[in-house]
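Worksheet for the structure shown next.
Read the figures in this text as sums done on the coordinates, not as results from a lab. These numbers were taken from a predicted model, which means no experiment stands behind them. Because the Cβ atoms are built from the backbone with ideal geometry, glycine has one as well, and the counts that use them run over all protein chains shown.
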Amino acid sequence: MTSRLEVHQALTARYQEIVSLEELRLMASENTKLAGLFVSSVSDEYLSSHRRVMIVGKETRSWSGGLGRVHDFPNINAYLQHAMDGHASYLRKPQPTSKFFQFYREVSRQMVGDKHAVLPRSVAWANMFCLSYEGKSPVRAKDQFQKIETLSRDLLRAQIEILKPDVILFVTGPGYDKYLKKFFHISNGSVIHKKSLWSFSADKTPAFRTTHPQWEKGKTHRSEALALALALNLSAITTSAPDAVQAI
């Protein structure tokens with residue numbers, strides 16, 4: 001197994017290729033309502049898991065004191081370490097009332113096969129968007145959105161490239177499908193439940209897009225997505241099937 005330090009260093013190196021301190025400082029100066037930069041960390045629990053699962057949410061409501069904190073750091077490496085440490089700390093003690101993290105804990109329980117036990121940080125956590133605006137989607141940050149979209153795409157792809165999940169659960173709901181299709185090469189698409197459960201490959205990684213945990217009525221579809229993800233026969237997956245991006 002590659003060590004956590006090696007994976008951490010690989011993540012940091014890719015993040016540094018994608019984002020600069022000057023760019024973040026400019027964005028923070030132009031818009032004071034952006035949350036801090038979200039980037040994933042890595043844990044020993046994830047690397048030693050028998051099946052590496054990544055959960056991708058929408059965006060954080062708030063994060064790391066806001067993007068203005070970038071002015072407190074001397075270089076991009078220092079800020080990235082701060083952001084990654086914040087991610088790791090949050091996974092150690094996620095908010096118990098968060099619907100998203102209740103689902104995260106359920107995935108962790110399923111991973112260890114015990115309805116009571118939760119292995120902290122055994123599941124990777126990423127987001128579609130690396131920045132939020134006023135605690136919501138950055139789409140409304142019109143002057144910065146194109147830049148945020150590009151940063152988000154590149155950072156998310158880097159996280160998947162380095163962390164190498166066996167399967168990804170996108171709990172983003174149908175409203176984010178257009179970004180999924182912009183961020184990744186989608187193939188082997190199959191609609192299981194219209195708008196609620198979609199199976200596909202994202203850049204050849206098996207994936208399921210289902211409802212966000214905030215939507216209580218989608219619980220059965222999220223449970224089905226998790227069951228399908230954990231039952232996936234990874235050795236049987238091929239990339240020879242024709243591309244298919246279906247309307248959902």
From fewest to most C-beta neighbours within 10 Å, the residues LYS178, LYS136 line up as LYS178, LYS136
Amide H proximity to ILE192 below 5 Å, modelled H, separation 5+ or other chain, gives LEU197, TRP198, SER199
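Contour minus end-to-end for ALA227 and LYS136, with contour as 0.36 nm per residue of separation and end-to-end as the Cα-Cα distance?
Between ALA227 and LYS136, full extension yields 29.8 nm more.
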Gyration tensor on Cα atoms of segment 1-124, a ≥ b ≥ c root eigenvalues, a/c under 1.5 rounded, else prolate if a/b beats b/c, else oblate, says oblate
The lysines whose Cα lies under 19 Å from the Cα of LYS194, excluding any fewer than 8 residues away in the same chain, are LYS178, LYS181, LYS217, LYS219
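So if R0 is 25 Å, what FRET efficiency would LYS204 and THR150 give, r being the distance between their Cβ atoms, rounded to the nearest 0.05?
Using R0 = 25 Å, I get an efficiency of 0.70.
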Computed over the chain, the relative contact order (Cα-Cα under 8 Å, seq sep at least six) in percent reads 21 percent
Label model pair GLN214, HIS185: point-to-point distance (7 angstrom along the Cα→beta-carbon line) in nm is 3.3 nm
The helix 76-92 Cα axis meets the longest alpha-carbon principal axis of the chain at an angle in degrees, between 0 and 90 and rounded to 10, of 40 degrees
With a ≥ b ≥ c from the Cα gyration tensor eigenvalues, square-rooted, and the rule rounded for a/c under 1.5, otherwise prolate when a/b > b/c and oblate otherwise, segment 65-201 is oblate
Under 5 Å from the placed amide H of PHE170, counting only residues 5+ away or on other chains, we find VAL56, PHE208, ARG209, THR210
Once amide hydrogens are built 1.01 Å from N within the peptide plane, the residues lying 5 or more places from ASN127 or on another chain with amide H under 5 Å from its amide H are GLY57
Going from the fewest other Cβ atoms within 10 Å to the most, one would list ASP44, ASP166 as ASP44, ASP166
Taking 0.36 nm per residue of separation between GLN102 and SER29 and subtracting their Cα-Cα distance, the length gained on full extension comes to 22.8 nm
Between the Cα axis of helix 4-18 and the main Cα principal axis of the chain, the angle (0 to 90°, nearest 10) is 60 degrees
For the chain, the Cα-Cα pair-distance distribution in 5 Å bins from 0, as whole percents, is 1, 6, 14, 18, 20, 18, 13, 7, 3, 1
